[in-house]
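Structure first, then comments.
The values are calculated or read from the model by the stated rules, or taken from the named source; none is laboratory data. These numbers were taken from a predicted model, which means no experiment stands behind them. Methodologically, a virtual Cβ is constructed for each residue, glycine included, from the backbone with ideal geometry; neighbour enumeration extends over all protein chains shown. Heavy atoms of the whole protein, side chains included, go into the accessibility calculation; ligands, DNA and RNA do not. Shrake-Rupley method; radii C 1.70, N 1.55, O 1.52, S 1.80 Å.
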Amino acid sequence: MGHNHSHDHDHGHGHTHAPANYGIAFGFGIILNTLFIIVEIIYGIIGDSLALLADAGHNVSDVLGLIIAWIAVWLGKKEPTKKRTYGYKRSSILAALFNAIFLLVAIGAIAWEAINRFSSPAPVAGKTVIIVAIVGIVINGLTALLFMAGRKNDLNIRGAFLHMAADALVSLGVVIAGFIILWTGWQWIDPMVSLVISIVIFFSTWGLLKESINLSLDAVPEGIDIHKIKEYLSGLPTILEVHDLHVWGMSTTEAALTVHLICSEIGDNDELLQKLTRELHDEFDIEHATIQIEKGTYNCSLQSDTKV
């Protein structure tokens, strides 16, 4: 019995994936944030501000996160090899997972420090810290804007966006708390604002962590409905049965599919396969489809079928 396999490699159907200009965005963001770190260190030493020096250390981790995300984008464009037949596309999933964990650790550190300051308030530095924090809002906010458009289509880009947006929020909290303390003298405002911001960032980061773990475990990517895919395949005129349907993320922007189809007509199925790969791509965002056509005369029970 003959099996037909179709591999869809057509990327010209107008779908929106990670734009090619993110190399510039990453480079710009890394340079801006590195310069900001230098400024924080200089003013931290001049003003004898431990807060600025600590924030400079935190921003080093953000630059590292951007570098890792950028490397993942670069690796994802490398050609497949005999050893790595899918290339390095999965590195974007690992980068998104790393950034999610990194963000949660940073949030935990901020929240812990905030809770400790309720019982042991630390004096908040003056106008210098506020001015530097305003610069931080501008730099981190601008960097976040560079990744805003791509955050919906690429989990790796979303991780970079959340890193920068989180830092912009933290800097905004420093400014708000600083002005309120200067006006009122209420030292508890500083840890309260930090704690609120930590909670907001946590809920944003949790989705990133959950989705990156799911993609690492070959779950169906967000936005793809495997039930609708099976309904579509089952509804085709010559298809008698659909089994061994699997959909997973090859990267944070590309999904793959494998499926066995029992067909009433076995012969030249090229036209059917072309139709399937084209429509799976256009309607369901499946970049790589492998389709096996069967007569149904042998038992596929050794294969693990998907319960859909």
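Please go through segment 247-272 and pick out each residue that is open to solvent by 10 Å² or more (accessible area, probe 1.4 Å) and farther than 25 Å from Lys152 by Cβ.
Thr258, His260, Ile262, Ser264, Glu265, Ile266, Gly267, Asp268, Asn269, Asp270, Glu271, Leu272
Could you list, in sequence order, the residues of segment 146-198 that are in a helix (DSSP H, G or I) and without any contact (Cβ under 8 Å) to a residue 24 or more places away in the chain? Outline the logic, then answer.
Residues of segment 146-198 that are in a helix (DSSP H, G or I), as a first pass: 146-152, 155-184, 189-198.
Residues satisfying the conditions are Met148, Arg151, Lys152, Phe161, Ile176, Ile180, Trp183, Thr184, Ile189, Val193, Val196.
Taking segment 12-49, which residues are under 21 Å from the mean Cα position of the chain (by Cα), open to solvent by 40 Å² or more (accessible area, probe 1.4 Å) and at pLDDT 75 or above?
Our first condition is that a residue be under 21 Å from the mean Cα position of the chain (by Cα); within segment 12-49, this holds for 15-30, 33.
Okay, now just the ones that are also open to solvent by 40 Å² or more (accessible area, probe 1.4 Å), so 15-21, 24, 28.
Matches in segment 12-49: Ile24, Phe28.
Name the residues in segment 79-98 that are hydroxyl-bearing (Ser, Thr, Tyr) and surrounded by 12 or more Cβ atoms within 10 Å (Cβ to Cβ), would you?
Let us first name the residues in segment 79-98 that are hydroxyl-bearing (Ser, Thr, Tyr), namely 81, 85-86, 88, 91-92.
Tyr86, Tyr88, Ser91, Ser92, listed by residue number.
For segment 136-151, does any single residue satisfy the condition of being over 22 Å from Tyr22 (Cβ atoms), at pLDDT 80 or above, out of contact with any His (no Cβ under 7 Å at 6 or more places or on another chain) and surrounded by fewer than 21 Cβ atoms within 10 Å (Cβ to Cβ)? Give the derivation first.
Restricting attention to segment 136-151, the residues satisfying the condition of being over 22 Å from Tyr22 (Cβ atoms) are 136-137.
After this cut, where a residue has to be at pLDDT 80 or above as well, the list is 136-137.
Filter once more, so that each one left must be out of contact with any His (no Cβ under 7 Å at 6 or more places or on another chain): 136-137.
Within this subset, residues satisfying the condition of being surrounded by fewer than 21 Cβ atoms within 10 Å (Cβ to Cβ) are 137.
Yes, that holds for at least one residue.
How do the pairs read when you match residues in segment 245-274 that are farther than 24 Å from Ala95 by Cβ with residues anywhere that are open to solvent by less than 10 Å² (accessible area, probe 1.4 Å) and among the acidic types (Asp, Glu), using Cβ under 9 Å and keeping only pairs 6 or more apart or on different chains?
Pairs found: Thr258/Asp244; Val259/Asp244; His260/Asp244; His260/Glu294; Leu261/Glu294; Ile262/Glu294; Cys263/Glu294; Ile266/Glu294.
Residues to consider are Ile201, Ile239, Ile213; find the one that is in contact (Cβ under 8 Å) with a residue 12 or more places away in the chain, open to solvent by 60 Å² or more (accessible area, probe 1.4 Å), among the hydrophobic types (A, V, I, L, M, F, W, C) and in contact with a helix residue (DSSP H, G or I) (Cβ under 8 Å, 6 or more places away or on another chain).
On the way: Ile201 fails: open to solvent by 60 Å² or more (accessible area, probe 1.4 Å); Ile239 fails: open to solvent by 60 Å² or more (accessible area, probe 1.4 Å).
Only one candidate qualifies: Ile213.
Return the residue satisfying two criteria in turn: it lies in segment 99-122 and is in a helix (DSSP H, G or I) and open to solvent by 70 Å² or more (accessible area, probe 1.4 Å), and of such residues it is modelled with the highest pLDDT. Even if it seems obvious, please write down each step before you answer.
From segment 99-122, those in a helix (DSSP H, G or I) are 99-119; that's our starting set.
From what is left, the residues that are open to solvent by 70 Å² or more (accessible area, probe 1.4 Å) are 101, 105, 112-113, 115, 118-119.
Details: Ile101: 90, Val105: 87, Trp112: 85, Glu113: 79, Ile115: 84, Phe118: 79, Ser119: 77.
The qualifying residue modelled with the highest pLDDT is Ile101.
Taking interchain pairs and intrachain pairs at least six residues apart, which have beta carbon atoms under 8 angstrom, with the first residue in segment 61-79 and aromatic (Phe, Trp, Tyr) and the second surrounded by fewer than 15 Cβ atoms within 10 Å (Cβ to Cβ) and in a helix (DSSP H, G or I)?
Trp70/Gly23; Trp70/Gly27; Trp74/Gly23
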